[in-house]
Each structure stands twice: as C-alpha cells, then as structure tokens.
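Report on the following structure.
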Amino acid sequence: MQNHSEDKAKRILAIYTRLRQGKIVHKAKMSETYGVSPRTIQRDIVDIQCFLQDQCMETGSIQEIVFDKKTGGYLMQTKQNYCLNEKAVLVVCRILLESRVLVKTELFPIIHSLAALCSDDSKVSAVKNMLQSGMEDYVEPEHGVELVNQIWNLENAVKGQRYIEIRYGNGMGSGSVVRKLKPMGVIIFKCRFYLVADIGEDTPANDKKDYGSKEGRNVGGEGQESRLFKIDEIQECIVMEERFKL
C-alpha cells in the first residue's frame, strides 16, 4: 500500500513538473511510462487541477490544465490575474468614498463589486467591514444626479473624436441652452465631474457667455475657447456622427 502511494506521488509530481515546463502530457504515453491505465493518468491530471485551484485561492496565480486538440495532449495555461489584493481594494474604495463625486445608488454597487474581486470570501468580508462606517456616513453630492452613464457616453465621444450636442443648465435657474461642442476630456475638480470641451467655431461671440460654468472660463488659456461644463448640469447629450481633428 505504501509503495502504491509513493508511486502515485512520484507520478503526479512528474506530470506536474512536465506541465510546469510547458511540455505536452499525453495520457497514452504517460500510462505506458508508469504502467497504469489512461484513466489513472486522467485522475492524476484532475488532482493536479484541484491543487492549482487551491493555489489560486492562496496566491492569486491563475493556472489551469487544458486539452489541446492539435497535439492531442494536455498543457498548463496561465491566465491573467484579475484578483486584487485586499489592501489595494480597500484603498481604492476609500478614495471613492472620500471623493464624494457619485450618488449612493451608483457608488455603493461599485464598492461592492470591487470588494468581490478579493481572492477569497474572508477577505471580501474584511474589506466590507472596514468600509461599513464610511458607507454609513457617506454624504452624497448636492446635485443628486446619477453620472456613470453620462460619463461613459462623453468618454466615448472624446475617444472617437465626435462632436456632441448638449442641453446645458446655466446654473442660474433661468432655463438651459443647446450647444454644439468638441469634447476634449473628463476631469474631477473640487469634488465634481466636469467635461472639458472646445466651443464651436461658428458660435456667435454674444452666445459664448452661455458656455460653461464660472470656474471654466478660458481654462485653455487666454484667447482659447475651452470651457468646463458640470456634467451634472448636462440635461441631455447627443453624440453626433460628425468627427473633429485635434
């Protein structure tokens, strides 16, 4: 019985070493080498796969054994590690809470999703417990507007270099204006999301006073036509097919 256990241990170690070296493992060949059935080799491979899964929980290193149809054998693959260290998750969540740029309905699901990226359930619970008081005391931004979808649309417009047309509240309670803009980027300034945009060249000089908030006048420097727009005051945004060049 002891010899059987030792033989199994040596066989599994040899298969594991071969896989770690990037070599292909063929069941038929390994069964001939060790005088066992192909089914026994298959069980050995399953045992190694279970070991790799346990290692992933402890180290975050993601490895798995897959069957390669071209070679008719098994090989080990290393996947990108999407697990975050619980310390990094905690710090990122703290930054989000302290920034106070999102309402609870958007921020809290993001925090829970980030915590779930920890490598095991105990670390997920630990992070959530550390963040609990901060979430209970969280003070939402005064505007109370959900921004995630709007930010996504604006970032896509920036990336695609597409003009946008927005309906924008002027912040003085006297209605809104519709303007065509060249979006240049999204920033956070004084605990608020802003769109940085250039106004259209065909905008009459008298209308330029309606563009952007007071903080945003001439953000591109004297003589330039860049403005900051509070994203929470963008009532409607249409991404146009027309593109611009930088």
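Quick notes on this one:
- Residue, farthest from GLU142 (Cα to Cα), within the stretch 84-105, restricted to residues that are loosely packed, with under 15 Cβ neighbours inside 10 Å and not hydrophobic (A, V, I, L, M, F, W, C): ASN85
- Filtering the stretch 65-84 to residues that are in contact with a Ser or Thr (Cβ under 8 Å, 6 or more places away or on another chain) and either at pLDDT 90 or above or polar (S, T, N, Q) (or both) leaves THR78, ASN81.
- Counted residues, the stretch 8-22 - those being surrounded by fewer than 17 Cβ atoms within 10 Å (Cβ to Cβ) and touching a Ser or Thr at 6+ places or on another chain (Cβ under 9 Å): 2
- Residue count for the stretch 87-133, restricted to those that are in a loop (DSSP other than H, G, I, E, B), of a type outside the set (Lys, Arg) and within 17 Å of ARG192 (Cα to Cα): 3
- Count of the stretch 85-128 residues which are among the polar types (S, T, N, Q) and modelled with pLDDT of 95 or more: 1
The values are calculated or read from the model by the stated rules, or taken from the named source; none is laboratory data. These figures come from a predicted structure and were not determined experimentally. All Cβ positions, even for glycine, are placed from backbone atoms using ideal geometry, and neighbour counts span all protein chains on display.
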